[in-house]
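Here is the structure we will look at.
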Amino acid sequence: MTTIIYSVAILGTLGIIYGLGLAFASKKFHVEIDPKIEKIGEILPGVNCGACGYPGCIAYAEAIAGKNEEINKCAPGGENTIKQIAEIMGIKASTAERRIAVIHCQSGGYNNTHLRYQYQGIATCKAVVLVTNGPNYCNFGCVFQNDCIAACKFNAIRLDENGLKIIDPVKCTGCGACVKACPRNLIELVPVSKQVHVLCHSYDKGAEAKKRCGNNTACIGCGLCVRKCPVAAIVLEDNLAVIDYEKCINCGQCAIVCPTKAIYDPKADNRKKARVIADKCIGCTICAKKCPVKAISGELKKIHTVDPEKCVGCEICVQVCPKDAIEMI
Amino acid sequence: MEFVSKIFALAIGAIFVQNFVLMRFLGLCPYIGVSKKVDSALGMGMAVIFVMTMASTITWVLQTYLLVPLKIEFLQTIAFILTIASLVQLVEMIIQKLAPALYKALGVFLPLITTNCAVLGVAILNINEKFSFIESILYGLFAGVGFTLVLVLMAGIREKLDKAEIPESMKGMPIAMVVAGCMALAFLGFSGLKL
């Protein structure tokens, strides 16, 4: 009996003494933690993808609160997150345009790939490319083991019925995990508003590229798009046309002239021409100045006109017109 | 003089011959977990030295003046753990206040000293070896020094490994395990020392 009492008494007393000691110490060594860090941490998505350049969401939250880090680096969070953080920090949100992944290859499906051999081995793209450069006859094309899908934390990449990878522009957060996963460097992050892409990554010479591409959509490096581009946004690099998205105006002219359909324009069939609505135009000349192909003419304070022959349907004038006086028909 | 030589033997024994990590295999969790950078390894080592020394002191007093006279030695483990846990909490608060960078670098491993079996190990060994009060304190200190030594050595090697060309599949933890094994083999050489 005494043993029980002793045990309880000793352990109880020890507990109380240690507890009091710690309570005292916690007062003495109290550390102020910035409440902003916790708040920002709650807003951030918490997927720890690393797109912001920090090893996790909390580290990024600390950098924002403590080191005045830019608040627009969270790709998965998107605009909403930026706005909320801006509110907490009491600063204006500077929204960077959202970027999404684009796969620069149209081959790699079940029925549009020339096979070099049947691959039966470790099912990752990284392993496949080590085996005589992969089963795709094209040395630069997709090797269809879907490392990008495995790398995507947001289920934004799916396979269509032909086994081609389709990126969901809504789900894609632009974190860049697939870009790193692709051993062929086929994937690139592109501003979401840019919709015309060169969907080929082959550096082979024209005839060779065409022969190897199972989809017959290889870029043969003919340079027609380079000459057609009204803003000189396309350059040829080693037999491959590359679009500079900083300059690209989405007009889709390159897609029209491309002889192999290597350039893809989602609006290809329903490009419209701009037309000035005479009632609304105040003759401010902004549209004429901004038009990349000089299709708009007119003097100051007079109604402007669009030359439908020259107009490429890029819609820039619609966006810049202060009076909404331009429509696409 | 005899006392000095005894202490010397105790030190060599605790640091090299019966090293807590590599010979007794205690405290392996922080040994692998906090050995990525020399700085944080050193900080962790200091924290462990402090906790071990304090724990040795307090637990010896507890055992000798409370548990033994009252014949409740069976409470040894739980009373020791209680003591160690409180000490770790204290160390955590102090480090957070005085060295926030170190606090962040140590991360979850700081509170995990609580369950670091090396600390409980040293406390129980003190009792089992029937050490005197002074010997207990020193044994705790030397055990901590031995732990720190191994941790810092390991961190130094792993910092070099980061820059070395290692096959993809061996990067990180696997190569760390191999290194740990090699170090344990090296320390086995000390077991021939007769003190």
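What is the one condition in (1) over 21 Å from residue A:270 (Cα atoms); (2) more than 31 Å from the chain's Cα centre (by Cα) that residue A:287 does not satisfy?
Result: residue A:287 fails condition (2) only.
Matching residues to (1) within 12 Å of another protein chain (Cβ to nearest Cβ); (2) among the aliphatic types (A, V, I, L, M):
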| residue | (1), (2) |
| --- | --- |
| B:16 | no, no |
| B:29 | no, no |
| B:56 | no, no |
| B:62 | yes, yes |
| B:66 | yes, yes |
| B:71 | yes, no |
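Scan the strands (runs of 3 or more DSSP E) fully inside the range A:118-227 and keep the ones with 2 or more residues being out of contact with any Cys (no Cβ under 6 Å at 6 or more places or on another chain) and hydroxyl-bearing (Ser, Thr, Tyr).
It comes to none.
Within the range A:1-107, considering only helices (runs of 4 or more DSSP H) that don't extend past its boundaries, which have at least 3 residues that are within 14 Å of chain B (Cβ to nearest Cβ) and of a type in the set (A, V, I, L, M, F, W, C)?
A:2-28, A:57-67
Exactly one of these conditions fails for residue B:22: (1) under 12 Å from the mean Cα position of the chain (by Cα); (2) part of a helix (DSSP H, G or I); (3) surrounded by 20 or more Cβ atoms within 10 Å (Cβ to Cβ). Give me its number.
Condition (2) is where residue B:22 drops out.
If you go through the range A:114-163, how many residues are over 14 Å from residue A:179 (Cα atoms) and small (Gly, Ala, Ser)?
Going through the range A:114-163 one residue at a time, the tally reaches 6.
Applying the selection to the range A:217-249, what residues are under 18 Å from residue A:189 (Cα atoms) and surrounded by fewer than 18 Cβ atoms within 10 Å (Cβ to Cβ)?
Those that are under 18 Å from residue A:189 (Cα atoms) and surrounded by fewer than 18 Cβ atoms within 10 Å (Cβ to Cβ): A:242, A:244, A:246, A:247.
Pick out, from the range B:98-195, the helices (runs of 4 or more DSSP H) lying fully within it that include 3 or more residues that are touching a residue at least 24 places away in the same chain (Cβ under 8 Å) and either crowded, with 19+ Cβ neighbours inside 10 Å or among the small types (Gly, Ala, Ser) (or both).
The helices (runs of 4 or more DSSP H) meeting that bar are B:117-128, B:133-163, B:173-188.
Got at least one residue in the range A:149-165 being among the basic types (Lys, Arg), at pLDDT below 90 and out of contact with any helix residue (DSSP H, G or I) (no Cβ under 9 Å at 6 or more places or on another chain)?
no
Could you give me the residue pairs with C-beta distances under 6 Å whose first residue belongs to the range A:42-70 and is crowded, with 17+ Cβ neighbours inside 10 Å, whose second residue is basic (Lys, Arg) and part of a helix (DSSP H, G or I) wherever it lies, and which are 6+ apart or on separate chains?
Going by the 6 Å Cβ cut-off, the qualifying pairs are A:65/A:36.
Could you run through the range A:149-180 and say how many residues are closer than 23 Å to residue A:211 by Cβ and surrounded by 16 or more Cβ atoms within 10 Å (Cβ to Cβ)? Walk me through how you get there before you give the answer.
Our first condition is that a residue be closer than 23 Å to residue A:211 by Cβ; within the range A:149-180, this holds for A:162-164.
Among the residues that remain, those that are also surrounded by 16 or more Cβ atoms within 10 Å (Cβ to Cβ) are: A:164.
Count: 1.
Test each condition in (1) crowded, with 24+ Cβ neighbours inside 10 Å; (2) within 12 Å of another protein chain (Cβ to nearest Cβ) for residue B:91 and report the one that comes out false.
(1)
Look at residue B:83 and say whether it is more than 8 Å from chain A (Cβ to nearest Cβ) and either touching a residue at least 24 places away in the same chain (Cβ under 8 Å) or aromatic (Phe, Trp, Tyr) (or both). Break it down stepwise before answering.
Working: more than 8 Å from chain A (Cβ to nearest Cβ): no; either touching a residue at least 24 places away in the same chain (Cβ under 8 Å) or aromatic (Phe, Trp, Tyr) (or both): yes.
When the stated conditions are applied, residue B:83 does not pass them.
Out of A:146, A:136, I need the residue that is crowded, with 17+ Cβ neighbours inside 10 Å, closer than 17 Å to residue A:212 by Cβ and not small (Gly, Ala, Ser). Which one?
That would be A:136, the only listed residue that is crowded, with 17+ Cβ neighbours inside 10 Å, closer than 17 Å to residue A:212 by Cβ and not small (Gly, Ala, Ser).
Does residue A:214 fit the bill of being on the phi > 0 side of the Ramachandran plot, buried (at least 18 other Cβ atoms within 10 Å of the Cβ) and touching a residue at least 12 places away in the same chain (Cβ under 8 Å)?
Working: on the phi > 0 side of the Ramachandran plot: no; buried (at least 18 other Cβ atoms within 10 Å of the Cβ): yes; touching a residue at least 12 places away in the same chain (Cβ under 8 Å): yes.
No.
The values are calculated or read from the model by the stated rules, or taken from the named source; none is laboratory data. Quantities reported herein were computed from a predicted structural model and do not represent experimental measurements. Cβ coordinates were reconstructed from backbone atoms using ideal geometry, including for glycine residues, and neighbour counts include every protein chain displayed.
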